[in-house]
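Undergrad: Take this structure, written in structure tokens, and hold onto it; I'll ask about it next.
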Amino acid sequence: MLREIQQVLRFVQLLGKRRQQSGLNVKGGLLVLVWTETGPSVQSLNCAVAAAGPWCIGINMKALQPDLKECMFPCACPCLPPDPEELCAFTDLYGSLRLLLTFQMKDASPEWCARIETFLHTYSLANAKIKIHFKFKFSQQTFQRDFSVKIKNKAGGNQRSLILDVTCRTQPPECVKKGCWCQGGHPVLGDRLPLSIPPAAMDQGLFGELSIQAVTLLSPCVLQYPNLPTQLTHIQVLVYGPSNVPVTGPSTFFQNLPAHLDCQEVGLHGLHCSSFKDLVHSGGTVYTVEQENCEDPEQESSPAPIRQSLLLYIFLQHSDPFTYQLSDMMATEVLIERHLEDILNNNKQAVTKAVQTELKNTLKAQNQRKKNQQKMRSAAEVILGSSLSIVSSSSNMDFRNACLHSMKMSDTYDLSASLRESLRRVTSWKFTPKNICYSAQVEEYPESDEPTRTEI
Amino acid sequence: MSLMGSSVAELFSAIDKLRAELLNNVEVLTDCQRVEGEISHGEILSLIENVILGIVTSLSKDEAPFLALPDRSNWANISFDSAIGLRMTLGSSVTTIRSDCPSSVTKFAQILKIFVVIYKLVQSNSYATKRDIYYNNTQLFGSQKTVDSIVDDISCMLKVPRRSLHVLATSKGLISGDLCYMEEDGTRIDCRSCSAAAAVSSNIAGIRNIVSHAKFIMIVEKDATFQRLLDDDFCTKLSPCIMITGKGVPDVNSRLMVRKLWDTLHIPILALVDADPHGIEIMCIYKYGSVSMSFEAHSLTVPSVMWLGLLPSDLQRLRVPEDVLIPLTKRDESKLSSLLKRPYLASQPEWQKEMELMQQSKVKAEIQSLAAIAPDFLTNIYLPNKLRYGGWV
């Protein structure tokens, strides 16, 4: 089923690319409806994929070649049309339908809901201007989720314009109430890496120039809190084909990648691939970062580091002057995905080095923060020790009382603890507003786009 | 040339006349009284306590503490006063040292650490040198230069002389001649030894019972020239006189000593420096002060200092051989131009003339170059004639 949805998305994206549509105008709606037949036994899943809005201008359903349809859905069976009311609600939002494709799959299972949801979420991350409406009805239960991106950011060089979902989904710490919190992220474009096409793929007809473009996105953003320590806890790798559609299926190459990375050079204690259970709802490959055991009692009393996760986008890019028919381009994408493991293994050293470089660049800031924190911690000891030494040894009662009253303390022992805590707080949570950040006064955390589950 | 007997009166007639002129023009006693006994121990402690209270108050308001240090290196914060020299203006710009910034937090800590040291020294009425402070915590301070700079910053910030902070600097200057005095600890210093000079004291403020019949004080730029004069028995030949050297750019104690001698003896002070921009600049430091210590100008400068030699016009007048003259470098020319633009030169037309002569001739010379005329020319001919006939500007 995912393959079929993938093909529809490729179709729309490649058509847009052919029309040389500017990435900035690529907005619109996508509707994915999946339902089962009503009846005692559920054996088939019906799926309807509809598209409307500027991103699919120029699509003429009537003119859609039958062979193209067959190319898109080679294994699918025809199915009943979807509920017109569902389509109505969609067209009310985005205008008349430009595309409506339906198909039926025999292997009905509620597990498809999570898989499709993950796929659509991954798609949404790199195609943030498309609003996606997903509805899954299985027996008497309905699951519905709308993917509407709150904060988008453009990334990409001249070759490709990417609109990424950079919305931060992490709750800000409690002590940020008075200040500001960046609700977005700031993607960093990595280097483009040319890839060699392995012979097996060439035999299947894959030619031209193939490369990958890496983009990293660290979340949450703490640029406005320069003194806060951070800790990278997870890395998620998402791979996209040339049409910006995510590739499906786990990647053995990326699952095994941690074993080939020089964690020490990057500044990590260790990295291991998360279990399959974690992968199901995550999309792509997820690594858990091993953390150092903190034995230094001083470090333990410092503010807890802000946990960050890194999203590593790997965008495959392909160009072949002899491939220009839409069906050929779609076939090429399928070929690339089919041979992806082979391609990555064929360029193992280069890809590993590229990922290593991206991680190293990302962690530079974290390592610098750690050094700064150590510097500030040692200086704080001297500052506090010196101040308290003068207060304690002063015979000027007015001065001593002024210090104690100022901090609302009764003796120098309590004063010491209070000053220490206050200094730690004001220095750790120093706020420096940045123009590039998506800040707002944190009164209530903004509504999230968590799915709504409706059970009937 | 005999310098004894009736020649003495002739030798010093010009000097005595200069002294009379100086005493008429310059107010001395008021300044002297103002410098001495200015700040009490209690006041110093109170000033430091105010700084700490400021830090505690900031923290009580959940604000990161910071320290504001007057910018001692900015010419924009300096004004020229002909009676004092270069002085720091009120409301001068400050450098903010923040406690919440990694790039400045270490300096913040260093400053507070030195505050504690000073506080304890003043409380216990004991003294320490800047070197002692550095070696007490080399890891925190990193270098002696850091400690030296911070002590001066604190002095400027609190607007008190460094000696009031009970922090002493090791003196590098030497002094010789008709002078006796007592140090604060009771040590009696007699500078009349012919062969050896006395080190300038580390605690100028503590000097008592100054006794001298000197007619003039000669500031000598370089130690080499000073030693040469010592070897030639200059102080005996031109007795009674005092000569002092800061061995190049003078330290604060050497400058304080010159100032103290002026305040006590009210005798002409004449500078003997190389005929080059560096020597002229050193002479200006004694006379008008430095930018970095401008906040303490009133106790460090002696605006009445006269330029005895080596004058650029002397090189022509004496026909100093060309092979001992050195061409000015680009750096020399740049410094000379900078000196000519200094605010104090406007009131010294004679100095300007000499410096413009140097600019035109594009040559400089060391005092040692006079040895090319005759080995004993400096001590036996040049200086006595200069002093006798008022050859200073």
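The values are calculated or read from the model by the stated rules, or taken from the named source; none is laboratory data. On a predicted model such as this, the values are computed, not experimentally measured, just so you know. Neighbour counts run over all protein chains shown; Cβ positions are idealised from the backbone, glycine included.
Undergrad: Residue under question is B:L69, and the condition is that it be aliphatic (A, V, I, L, M) and within 14 Å of chain A (Cβ to nearest Cβ); does it hold? If you could, list the steps in order and put the result at the bottom.
TA: Numbers: aliphatic (A, V, I, L, M): yes; within 14 Å of chain A (Cβ to nearest Cβ): no.
So B:L69 fails the test.
Undergrad: So, in segment A:1-32, how many residues would count as being crowded, with 21+ Cβ neighbours inside 10 Å, modelled with pLDDT under 75 and either more than 22 Å from the chain's Cα centre (by Cα) or under 15 Å from A:L97 (Cα atoms) (or both)?
TA: Total satisfying the criteria: 1.
Undergrad: Might you let me know whether segment B:45-68 holds any residue that is within 25 Å of the chain's Cα centre (by Cα) and either more than 30 Å from B:C235 (Cβ to Cβ) or at pLDDT 90 or above (or both)?
TA: Taking segment B:45-68 and keeping what is within 25 Å of the chain's Cα centre (by Cα), we get none.
No, segment B:45-68 contains no residue that is within 25 Å of the chain's Cα centre (by Cα) and either more than 30 Å from B:C235 (Cβ to Cβ) or at pLDDT 90 or above (or both).
Undergrad: So, A:K137, is that one at negative phi, buried (at least 16 other Cβ atoms within 10 Å of the Cβ) and over 20 Å from the mean Cα position of the chain (by Cα) or not?
TA: Working: at negative phi: yes; buried (at least 16 other Cβ atoms within 10 Å of the Cβ): yes; over 20 Å from the mean Cα position of the chain (by Cα): yes.
Considered against the rule, which asks whether it is at negative phi, buried (at least 16 other Cβ atoms within 10 Å of the Cβ) and over 20 Å from the mean Cα position of the chain (by Cα), A:K137 comes out as yes.
Undergrad: Checking the structure you have, find out if any residue of segment A:347-364 is in contact with a strand residue (DSSP E or B) (Cβ under 6 Å, 6 or more places away or on another chain), touching a residue at least 24 places away in the same chain (Cβ under 8 Å) and basic (K, R).
TA: So far as segment A:347-364 goes, no, none of its residues is in contact with a strand residue (DSSP E or B) (Cβ under 6 Å, 6 or more places away or on another chain), touching a residue at least 24 places away in the same chain (Cβ under 8 Å) and basic (K, R).
Undergrad: Which residues, counting only those in segment A:386-412, are at the interface with chain B (Cβ under 8 Å from one of its Cβ atoms) and assigned to a helix (DSSP H, G or I)?
TA: A:S386, A:S387, A:S389, A:I390, A:V391, A:S393, A:F399, A:A402, A:C403, A:S406, listed by residue number.
Undergrad: Does any residue of segment A:421-435 turn out to be acidic (D, E), under 24 Å from B:F115 (Cα atoms) and more than 11 Å from chain B (Cβ to nearest Cβ)?
TA: Filtering segment A:421-435 for residues acidic (D, E) gives A:421.
Narrowing further to those that are under 24 Å from B:F115 (Cα atoms): A:421.
Now drop any that are not more than 11 Å from chain B (Cβ to nearest Cβ), which leaves none.
No, every residue in segment A:421-435 fails to be acidic (D, E), under 24 Å from B:F115 (Cα atoms) and more than 11 Å from chain B (Cβ to nearest Cβ).
Undergrad: For segment B:120-128, check the following and say yes or no: at least one residue is facing chain A (nearest Cβ under 9 Å), closer than 15 Å to B:L45 by Cα and of a type outside the set (S, T, N, Q).
TA: Let us first name the residues in segment B:120-128 that are facing chain A (nearest Cβ under 9 Å), namely B:120, B:123.
From what's left, closer than 15 Å to B:L45 by Cα: B:120, B:123.
Narrowing the set further to residues that are of a type outside the set (S, T, N, Q) leaves B:120.
Yes, there is a match, as at least one residue in segment B:120-128 is facing chain A (nearest Cβ under 9 Å), closer than 15 Å to B:L45 by Cα and of a type outside the set (S, T, N, Q).
Undergrad: Identify, from the list B:E281, B:E296, the residue that is within 17 Å of the chain's Cα centre (by Cα), part of a helix (DSSP H, G or I) and farther than 27 Å from B:L158 by Cβ.
TA: Working: B:E296 fails: farther than 27 Å from B:L158 by Cβ.
Sole residue among the options that is within 17 Å of the chain's Cα centre (by Cα), part of a helix (DSSP H, G or I) and farther than 27 Å from B:L158 by Cβ: B:E281.
Undergrad: Given the conditions (1) within 28 Å of the chain's Cα centre (by Cα); (2) in a helix (DSSP H, G or I); (3) free of Cβ contacts under 8 Å to residues at least 60 places away in the same chain, and given that B:Y119 satisfies all but one, which numbered condition is not satisfied?
TA: For B:Y119, the exception is condition (3).
Undergrad: Have a look at B:S164, B:S155, B:S92 and point out the one that is buried (at least 21 other Cβ atoms within 10 Å of the Cβ), away from chain A (no Cβ under 14 Å) and among the hydroxyl-bearing types (S, T, Y).
TA: Details: B:S164 fails: buried (at least 21 other Cβ atoms within 10 Å of the Cβ); B:S92 fails: buried (at least 21 other Cβ atoms within 10 Å of the Cβ).
Step by step, each of B:S164, B:S155, B:S92 is checked, and only B:S155 is buried (at least 21 other Cβ atoms within 10 Å of the Cβ), away from chain A (no Cβ under 14 Å) and among the hydroxyl-bearing types (S, T, Y).
Undergrad: Give the residues of segment B:234-250 that are over 17 Å from B:V305 (Cα atoms) and in contact (Cβ under 8 Å) with a residue 60 or more places away in the chain, sorted by residue number.
TA: Applying the first criterion (over 17 Å from B:V305 (Cα atoms)) to segment B:234-250 yields B:234-240, B:247.
Passing the criteria: B:F234, B:K237, B:L238, B:S239, B:P240, B:K247.
Undergrad: For B:E322, are the conditions met, namely being out of contact with any helix residue (DSSP H, G or I) (no Cβ under 6 Å at 6 or more places or on another chain), crowded, with 23+ Cβ neighbours inside 10 Å and not hydrophobic (A, V, I, L, M, F, W, C)?
TA: Working: out of contact with any helix residue (DSSP H, G or I) (no Cβ under 6 Å at 6 or more places or on another chain): yes; crowded, with 23+ Cβ neighbours inside 10 Å: no; not hydrophobic (A, V, I, L, M, F, W, C): yes.
Here the answer is no, as B:E322 does not meet what is asked.
Undergrad: Now for a different question. Does B:L86 meet the test of being over 30 Å from B:T138 (Cα atoms) and either surrounded by fewer than 19 Cβ atoms within 10 Å (Cβ to Cβ) or more than 8 Å from every other protein chain (Cβ to nearest Cβ) (or both)?
TA: Numbers: over 30 Å from B:T138 (Cα atoms): yes; either surrounded by fewer than 19 Cβ atoms within 10 Å (Cβ to Cβ) or more than 8 Å from every other protein chain (Cβ to nearest Cβ) (or both): yes.
When the stated conditions are applied, B:L86 passes them.
Undergrad: A:S394 is checked against (1) in contact (Cβ under 8 Å) with a residue 12 or more places away in the chain; (2) of a type in the set (S, T, Y); (3) over 30 Å from A:P305 (Cα atoms) and fails just one. What number does that condition carry?
TA: A:S394 satisfies every listed condition except (1).
Undergrad: Quick check on A:V245: is it surrounded by 16 or more Cβ atoms within 10 Å (Cβ to Cβ) and modelled with pLDDT under 90?
TA: Working: surrounded by 16 or more Cβ atoms within 10 Å (Cβ to Cβ): yes; modelled with pLDDT under 90: no.
The answer is no for A:V245.
Undergrad: Kindly establish whether B:S299 is of a type in the set (S, T, Y), touching a helix residue (DSSP H, G or I) at 6+ places or on another chain (Cβ under 6 Å) and closer than 23 Å to B:E350 by Cα. If you could, list the steps in order and put the result at the bottom.
TA: On the way: of a type in the set (S, T, Y): yes; touching a helix residue (DSSP H, G or I) at 6+ places or on another chain (Cβ under 6 Å): yes; closer than 23 Å to B:E350 by Cα: no.
The answer is no for B:S299.
Undergrad: Condition first: surrounded by fewer than 19 Cβ atoms within 10 Å (Cβ to Cβ) and in contact (Cβ under 8 Å) with a residue 60 or more places away in the chain. Now tell me which residues in segment B:52-68 satisfy that.
TA: The first filter runs over segment B:52-68 and keeps only residues surrounded by fewer than 19 Cβ atoms within 10 Å (Cβ to Cβ), leaving B:54, B:57-58, B:60-63, B:66, B:68.
Within segment B:52-68, just B:A68 meets the criteria.
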